[in-house]
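Remarks on the structure that follows.
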Amino acid sequence: KQEVTQIPAALSVPEGENLVLNCSFTDSAIYNLQWFRQDPGKGLTSLLLIQSSQREQTSGRLNASLDKSSGRSTLYIAASQPGDSATYLCAVKYSGGSNYKLTFGKGTLLTVNP
Amino acid sequence: NAGVTQTPKFQVLKTGQSMTLQCAQDMNHNSMYWYRQDPGMGLRLIYYSASEGTTDKGEVPNGYNVSRLNKREFSLRLESAAPSQTSVYFCASGASSYNEQFFGPGTRLTVL
């Protein structure tokens, strides 16, 4: 079964700390992987999209890496700020068959304390 | 650009009532999607439309119907609402089935 797992489910850090969020997937045959941010009661905001041929993508203080062979992606957040507090979701588009679908992890709830 | 918009933002229904959730995007995207988000279950795909004129079932289509009215609009209809359909519903769009997906703000639906 094609699944996506995010560990830890929750993370609390002091402001200014660099941190890593983890995402693992069960099948290396992926088309792309997308990281989202979700604020309480809000929709999903796309942060980064990594195609299967890429190793990483960067946007500002965010860096996402992809290792298909190990079935892992990480989202690195540099110099965290209280405004980064949110739930971060990882979603994988598996290739082959019905490749329309994003398979989501359950997310990591990040709290950055001032 | 407004991106992806959804109406209504909140809705309370009684069991057996029907309603239509509306979604529109102004990014000229070909693909559109409807998801539901439930605590402990994550986001699950209900229906999608790869392009104007086509619709297909996702993971959890039972109890729902969709209409791709035109390239911009994709609606989700609950014909006879059930308490199990209490959820947050998100519409999303992408340039194609292979591209980045962009999400709307969601509709919070409660079925009593």
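The values are calculated or read from the model by the stated rules, or taken from the named source; none is laboratory data. Quick caveat: nothing in here was measured; it's all calculated off a predicted structure. Using ideal geometry, Cβ is built from the backbone for each residue, glycine included, and neighbour counts are taken over all protein chains shown. Accessible surface is based on the protein model in full, side chains and every heavy atom, while ligands, DNA and RNA are left aside. Shrake-Rupley method; radii C 1.70, N 1.55, O 1.52, S 1.80 Å.
Every listed requirement among (1) closer than 21 Å to residue B:80 by Cβ; (2) in a strand (DSSP E or B) is met by residue B:24 save one, (1).
Residues of the stretch A:17-46 that are facing chain B (nearest Cβ under 10 Å) and either in contact with a Ser or Thr (Cβ under 8 Å, 6 or more places away or on another chain) or buried (at least 19 other Cβ atoms within 10 Å of the Cβ) (or both): A:31, A:32, A:34, A:36, A:38, A:43, A:44. Checking each residue in the stretch A:63-76 for being assigned to a strand (DSSP E or B), out of contact with any Phe, Trp or Tyr (no Cβ under 7 Å at 6 or more places or on another chain) and not basic (Lys, Arg) picks out A:65, A:66, A:67, A:73, A:74, A:76. Count of the stretch A:77-114 residues, restricted to those that are at the interface with another protein chain (Cβ under 9 Å from one of its Cβ atoms) and either on the phi > 0 side of the Ramachandran plot or assigned to a loop (DSSP other than H, G, I, E, B) (or both), is 8.
For the stretch B:27-48, which residues satisfy the criterion of being in a strand (DSSP E or B) and more than 21 Å from residue B:8 (Cα to Cα)? Scanning the stretch B:27-48 gives B:31, B:42. Highlighted here are the strands (runs of 3 or more DSSP E) found entirely within the stretch B:59-112 that include at least 2 residues which are closer than 30 Å to residue A:30 by Cβ and facing chain A (nearest Cβ under 9 Å): B:87-94.
When only residues in the stretch A:47-61 that are in a strand (DSSP E or B) and open to solvent by 50 Å² or more (accessible area, probe 1.4 Å) count, which is nearest to the other protein chains (Cβ to nearest Cβ)? Filtering first and then ranking leaves A:51.
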